[in-house]
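Below: one structure, written as structure tokens.
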Amino acid sequence: MKSYRGGVQAVRGLDLEVYEGECFGLLGPNGAGKTTTIEILEGLLEPTSGEVHVLGRSWGSRERELRGRIGISLQETKLPEKITVREILRLFRSFYPRGLEPDETIRLVGLEEKSNARVGKLSGGQKQRLAIACALAGDPDLLFLDEPTTGLDPHARRQLWDILKGFKSRGKTILLTTHYMDEAERLCDRVAIVDRGRVIALGSPPELIASLGGEHVIELTLEGNGSGAAPGEVAGEAIREIPGVSAVRIEGKKVSLTACEPHRAIPGILERLGGNGSAVSGLAMRHASLEDVFVKLTGRSIEEADADVLAS
Amino acid sequence: MRTYWPVKELFVIRTKEFFREPDAIFWVYVSPVLLIVLLGIAFRNKEAPQEVRVALVESPRAEELARSLETAPGGKFLVEKAPLESAKSLGSSGKVDVVLDPRDGALRYIYDPAREGSEAARLKVDAALQASAGRKDAVATETVIVTEPGSRYIDWLVPGLVGLNIMGGGLWGLGFVTVDLRMRKLLKRFVATPMRKSDFLVALLGSRTVFLVPEIIVILFAGRLFFGLETKGSVLDVALVTLVGAICFGGIGLLMACRTDKIETINGLLNVTMLPMWLFSGVFFSSDRFPDVMQPLIQALPLTQLNVAMRAVILDGASSADQWPRLAAMTVIGALAFAGALRWFRWV
């Protein structure tokens, strides 16, 4: 648990275990307590109560030895603008008793062409790759990454994912935070969904999606049946009872639900709706994602949760 | 496998960062030279006997008096005729040194004795007029004018500027840079590695001290080039006094920065720290000018101690060993500041 003066608890009752060789994601909206959690694990923040074990050791004794085996990328680090990529990596390499030569880390993150460029001349994606390279300088067994792809364009994000997959393929462990559901799905073996300082779900992405009761999401747009009642409400009642349908969520004219066998569920749905006079003006179907898991568990989308943080 | 020395790498990075910043180069190396040249010009010693500027109040005798002054031997007078009121305002604004008002057969001198040179001007004007009216010198006199390097204002100023730069370098170089690194989360990033905190601090202080070397050479060289000021003390003594000063002000800079996480705050803290030393520590004018009651306070300022020691070494050729009380005072202040800074320092 971590609480701040004034009684604000950033994180409470967060109990999890990360296995060697896996990529573990802490997934949640802004302000959920992800950064607090990862910085406690990194030994940069002290928990108000609770225990942390990293690579079988706890913080507080022989700290440098432990730091020599982990690599960290903070949420925002502004590296010196006037220094070149290779110079920065030389510096970070010098902090570790053993590690990768600067040219080797440059190669791992694909910055060969920029090795003599100053940090100030790099794009956002290149800077983020350099931050990862700094984390790799000590050839760590365990990598902590706080929001590694926030603010990057899709191409830069994919490049970064490939770097991390390469790191994991060498049998190493990654713990990252993200508020991108797709990132967690593609990269992580297991994720913990965090909201308001608590873990609300834990498992592999397919397991979590399966917990919805179906891996397909069907979204319907409805027109009223002329009775004056809200079209979604009327339809929702009718749909809930159909076998194989779960997680029905109604929002004005829109109804979303999950189904494991859409080819069976859809005809049943349309039949029921026809029966109570609702007109369907749109139907879309997609694979269920972790986003749907978050919505099911919290009743709000990640964007809504981010907006809550801004509002408070 | 190659071996790496973190202190060296930190030092190299800091040095490269500094020398790749054109603004920093200007402030550190160019501005003190400009300051020397400008102050040297403003306060230059007058080479020849000075001309005396006189406002002569218009009256029937004005013509005759003006002629007497203009033809007086051994003195140069610039005479401006004006009605009484405008003559007085010329005097009070400092455009003339003395106002001469011939009235009722007598000569009235109007001047403010607090204004530099007005007393002398009155004496010169009076002597010239008395001589032209027939007064004879009772004693034969002779004048020797001294403008040798070592006794002029500029000589006094240059060691003060050296001290000022050591103070600025230590305070800004450690205080400002530390807060900047903290704001950029680089301090936090560094302590997330196995880096030794002491390596970081040693490299920061060491690089700042090395930047001082060209700084001081530039100032002393400018003093020599433009004003012929020779450094009498040995290079080693200058270096030792500089080093002790650098450590002292580096410690104070670090103390100011130890918990600060805003640029505005550190700016304010450093300016508040520096202002009394700018004024009282004898950079631009001697601290002896302040009343005795303030002296204990003034002597407690580290820049006062540094300036006294630096002047002794540069101007009088004193050895740094002679200056041990000054050096000891700075060492104690610096050590206390460092101890406090390390005690309260916030890395993350």
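The values are calculated or read from the model by the stated rules, or taken from the named source; none is laboratory data. This is a predicted model, so every value here is computed, not measured. Cβ: placed from backbone, ideal geometry, glycine included. Neighbour counts: every protein chain shown. Calculation scope for accessible area: heavy atoms of the full protein, side chains included, ligands and nucleic acids excluded. Shrake-Rupley method; radii C 1.70, N 1.55, O 1.52, S 1.80 Å.
Structure values in brief
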item: Criterion: open to solvent by less than 10 Å² (accessible area, probe 1.4 Å), within 12 Å of another protein chain (Cβ to nearest Cβ) and under 28 Å from the mean Cα position of the chain (by Cα) - qualifying residue of A:Ile83, A:Ile70; result: A:Ile70
item: Hey, B:Arg115 under 14 Å from B:Arg53 (Cα atoms), open to solvent by 50 Å² or more (accessible area, probe 1.4 Å) and in a loop (DSSP other than H, G, I, E, B) or not; result: yes
item: Residues located in the range A:21-35, provided they are surrounded by fewer than 19 Cβ atoms within 10 Å (Cβ to Cβ) and modelled with pLDDT of 90 or more; result: A:Gly21, A:Glu22
item: Filter result for A:Thr77 (open to solvent by 30 Å² or more (accessible area, probe 1.4 Å), under 29 Å from B:Pro22 (Cβ atoms) and within 14 Å of chain B (Cβ to nearest Cβ)); result: yes
item: Inter-residue pairs, beta-carbon under 7 Å, first closer than 18 Å to A:Pro140 by Cα and in the range A:156-181, second of a type in the set (S, T, N, Q) and open to solvent by less than 10 Å² (accessible area, probe 1.4 Å), 6+ apart; result: A:Leu160/A:Thr149
item: Selection count, the range B:273-287, where residues are part of a helix (DSSP H, G or I) and open to solvent by 20 Å² or more (accessible area, probe 1.4 Å); result: 6
item: Cβ pairs under 8 Å, 6+ apart, first in the range A:189-205 and farther than 20 Å from A:Glu20 by Cα and touching a residue at least 24 places away in the same chain (Cβ under 8 Å), second open to solvent by 40 Å² or more (accessible area, probe 1.4 Å) and among the polar types (S, T, N, Q); result: A:Gly197/A:Gln9; A:Ala201/A:Ser211
item: Near pairs, Cβ below 9 angstrom, 6+ apart or cross-chain, from the range B:200-218 (more than 30 Å from B:Gly228 (Cβ to Cβ)) to any residue that is aromatic (Phe, Trp, Tyr) and not in a helix (DSSP H, G or I); result: B:Leu201/B:Phe345
item: Test: residue in the range A:40-50 that is of a type in the set (S, T, N, Q), at the interface with chain B (Cβ under 9 Å from one of its Cβ atoms) and in a loop (DSSP other than H, G, I, E, B); result: no
item: Flag if A:Asp146 is open to solvent by less than 10 Å² (accessible area, probe 1.4 Å) and not hydroxyl-bearing (Ser, Thr, Tyr); result: yes
item: Residue match in the range A:157-171 (condition: part of a strand (DSSP E or B), under 26 Å from A:Gly68 (Cα atoms) and not hydroxyl-bearing (Ser, Thr, Tyr)); result: no
item: Subset of the range A:12-45 [charged (D, E, K, R) and touching a residue at least 12 places away in the same chain (Cβ under 8 Å)]; result: A:Arg12, A:Asp15, A:Glu20, A:Glu22, A:Lys34, A:Glu39, A:Glu42
item: Candidate set: the range B:157-193, residues that are at the interface with chain A (Cβ under 9 Å from one of its Cβ atoms) and not hydrophobic (A, V, I, L, M, F, W, C); chosen: the one nearest to B:Ile266 (Cα to Cα); result: B:Arg184
item: Within the range B:68-112, considering residues that are part of a helix (DSSP H, G or I) and more than 14 Å from B:Glu58 (Cβ to Cβ), the one farthest from the chain's Cα centre (by Cα); result: B:Ser68
item: Matching residues, the range A:86-102, being within 19 Å of A:Val119 (Cα to Cα), at the interface with chain B (Cβ under 7 Å from one of its Cβ atoms) and either open to solvent by less than 20 Å² (accessible area, probe 1.4 Å) or touching a His at 6+ places or on another chain (Cβ under 7 Å) (or both); result: A:Leu91, A:Phe92, A:Arg93, A:Ser94
item: Elements of type strands (runs of 3 or more DSSP E) contained in the range A:173-290, each with 1 or more residues being over 23 Å from A:Leu26 (Cα atoms), modelled with pLDDT under 90 and not assigned by TED's automatic domain parsing to the domain that holds A:Asp139; result: A:216-223, A:245-251, A:254-259, A:279-287
item: Test: residue in the range A:126-135 that is facing another protein chain (nearest Cβ under 10 Å), open to solvent by less than 10 Å² (accessible area, probe 1.4 Å) and not β-branched (Val, Ile, Thr); result: yes
item: Only one of B:Asp155, B:Asp126, B:Asp199 that is open to solvent by less than 40 Å² (accessible area, probe 1.4 Å), outside any loop (DSSP other than H, G, I, E, B) and within 30 Å of B:Ala66 (Cα to Cα); result: B:Asp126
item: Residue within the range B:173-182 that is farther than 30 Å from A:Ile88 by Cβ and surrounded by 16 or more Cβ atoms within 10 Å (Cβ to Cβ) present; result: no
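So that you can scan it fast, the table gives a plain yes or no per residue for (1) at pLDDT 85 or above; (2) open to solvent by 90 Å² or more (accessible area, probe 1.4 Å); (3) not basic (Lys, Arg):
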| site | (1), (2), (3) |
| --- | --- |
| B:Phe19 | yes, yes, yes |
| B:Ala24 | no, no, yes |
| B:Leu38 | yes, yes, yes |
| B:Val52 | yes, no, yes |
| B:Ala66 | yes, no, yes |
| B:Gly75 | no, no, yes |
| B:Glu85 | yes, yes, yes |
| B:Lys88 | yes, no, no |
